[in-house]
Amino acid sequence: MNIFSAIFYGIIQGITEFLPVSSSAHLAIAQNVFGMSNVEANHFTFDILLHLGTLIAVFIVYYKDIFSLVPAAFTMLGKVFKGKFKLSEYTENERFVIFVIIATLPLVLAVFIKDYIELLGNYTKIIGGILIFNGIVLFISDKLERGTVSLENTKPKNALFVGLCQMCAIVPGLSRSGSTITGGLLMGFKREYAVKFSFILSIPAIIGANLLSFADIFENPIAKTDVIPYIAGAISAAVVGILAMKFLIYISRKSNFRMFSYYCFVIGILAIIFG
C-alpha cells in the first residue's frame, strides 16, 4: 500500500466513523465500484490501526469526561460488590458508566452474526438501498421534538434501546453514530447528550472489536514497506476523526442532521445505479 492510498483510507475512516453516513458503506463502495483494495481482508493490521486512530480521536475530544469515568468505573464496581443496586446510590459519572455497559451488552449477540451480515458488503446495490434507509432514519430523527432527557434522568431502558440501535449498525450501510444518536433522540435525549453518549459508547465497541481480532495480527505481519503508510493512515484517521466529531457536535447545537440524510440519499442512489 502506498502512502497516498493509506491517507485516503484514513480520511474516509475518520469522516465516516463519526458522521452519520456509515464508514462500512463507503469502504465497501470504494472497493466494489472503484476497485480499491479490501482493507480488512488484504491489510488486516492497517484496518485495526485505522480504528485505533478513530479511538484516539474520541479520547482527545472527550478526554475530560473519559478521565472522570475511569475512576468512576472502579467506585461503581465497589458499590456493586457491596450490594448497592439502586441508581440513586450512584454518582452521575458512575451512572454514565453503568449506562455505557448496558448499551454495550447487545454487541455480544452481534459477535455471532457479524460475519454473515458483513457479506452484504459485497453487494453495492444492497448497500445503496441500506444507505437510503439510513437517510430516512436520519430524516425522521430530525423531525423529532427536542428532547429533555440528560444524564440525570436517563433510565437503563433508554441505554439498552441505544445499544440495540448500535447492534443494528453492524449492517453495512447503517451508520453506528447515526443509529445510536437516533436511538437516543427517540428516547428523548437532548441532542448534545445523544451525540456525547454515542461517541463515548464507541470506545468499548472499537476496543472490543479489535481485541477479538488482535490475535490475528501475528498471522498478518506488517511488511517493512507498509510501516510508514500504515502510520500515516492511522494519523489521518485520528486527525480527520477529531474534526468530524467537532463538526457533528457543532451541528447538534446549531442545526439539524438533515444534510446527512440528503447525502445518504444521493450516495445510495448512485450506488444502486452504478453498483
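The values are calculated or read from the model by the stated rules, or taken from the named source; none is laboratory data. Values in this document were obtained by computation on a predicted structure and should not be read as measured data. Neighbour counts run over all protein chains shown; Cβ positions are idealised from the backbone, glycine included. Surface areas here come from the heavy atoms of the whole protein model, side chains and all, with no ligands, DNA or RNA. Shrake-Rupley method; radii C 1.70, N 1.55, O 1.52, S 1.80 Å.
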Quiz prompt | Residue count for region 57-86, restricted to those that are surrounded by fewer than 17 Cβ atoms within 10 Å (Cβ to Cβ), of a type outside the set (Phe, Trp, Tyr) and within 25 Å of Ile12 (Cα to Cα) | solution = 1
Quiz item: Tyr193 fails exactly one of the following numbered conditions: (1) open to solvent by 30 Å² or more (accessible area, probe 1.4 Å); (2) over 16 Å from Ser24 (Cβ atoms); (3) aromatic (Phe, Trp, Tyr). What is the number of that condition?
Solution: (1)
Quiz item: Taking Glu89 and the conditions (1) in contact (Cβ under 8 Å) with a residue 40 or more places away in the chain; (2) of a type outside the set (S, T, N, Q); (3) open to solvent by 30 Å² or more (accessible area, probe 1.4 Å), which numbered condition does it fall short on, given that it satisfies the others?
Solution: (1)
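Here's a check for you: in region 80-100, which residue that is among the β-branched types (Val, Ile, Thr) and in contact with a helix residue (DSSP H, G or I) (Cβ under 8 Å, 6 or more places away or on another chain) is modelled with the lowest pLDDT?
Thr91
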Self-check item: Subset of region 260-275 [open to solvent by less than 60 Å² (accessible area, probe 1.4 Å) and within 14 Å of Val21 (Cβ to Cβ)]
Solution: Phe260, Ser261, Cys264, Phe265, Ile267, Gly268, Ala271
Quiz item: Which helices (runs of 4 or more DSSP H) sit wholly inside region 85-147 and have at least 1 residues that are within 22 Å of Leu186 (Cβ to Cβ) and over 21 Å from the mean Cα position of the chain (by Cα)?
Solution: 92-104, 124-143
Self-check item: Extreme residue, modelled with the lowest pLDDT, among residues of region 123-145 that are out of contact with any helix residue (DSSP H, G or I) (no Cβ under 7 Å at 6 or more places or on another chain) and open to solvent by 100 Å² or more (accessible area, probe 1.4 Å)
Solution: Glu145
Self-check item: Selection within region 174-190 - buried (at least 21 other Cβ atoms within 10 Å of the Cβ) and either basic (Lys, Arg) or touching a Lys or Arg at 6+ places or on another chain (Cβ under 6 Å) (or both)
Solution: Arg176
Quiz prompt | Hits in region 107-144 - residues which are of a type in the set (Phe, Trp, Tyr) and more than 28 Å from Met259 (Cβ to Cβ) | solution = Phe112, Tyr116
Exercise. Tell me which of these Leu49 doesn't satisfy, since it passes every other one: (1) free of Cβ contacts under 8 Å to residues at least 40 places away in the same chain; (2) part of a helix (DSSP H, G or I); (3) open to solvent by 20 Å² or more (accessible area, probe 1.4 Å).
Key: (1)
Practice problem: Note down all Cβ pairs under 6 Å where the first residue falls in region 104-123 and is over 21 Å from Ile203 (Cα atoms), the second is among the hydrophobic types (A, V, I, L, M, F, W, C) and surrounded by 15 or more Cβ atoms within 10 Å (Cβ to Cβ), and they're at least six residues apart or on different chains. | Solution: Ile117/Ile170; Ile117/Val171; Leu120/Ile126; Gly121/Ala28
Quiz item: From Phe257, Phe214, which residue is loosely packed, with under 14 Cβ neighbours inside 10 Å, modelled with pLDDT under 85 and within 29 Å of Thr104 (Cβ to Cβ)?
Solution: Phe214
Quiz prompt | Residue under evaluation Leu201, criteria (1) open to solvent by 10 Å² or more (accessible area, probe 1.4 Å); (2) under 30 Å from Ile126 (Cβ atoms), criterion not met | solution = (1)
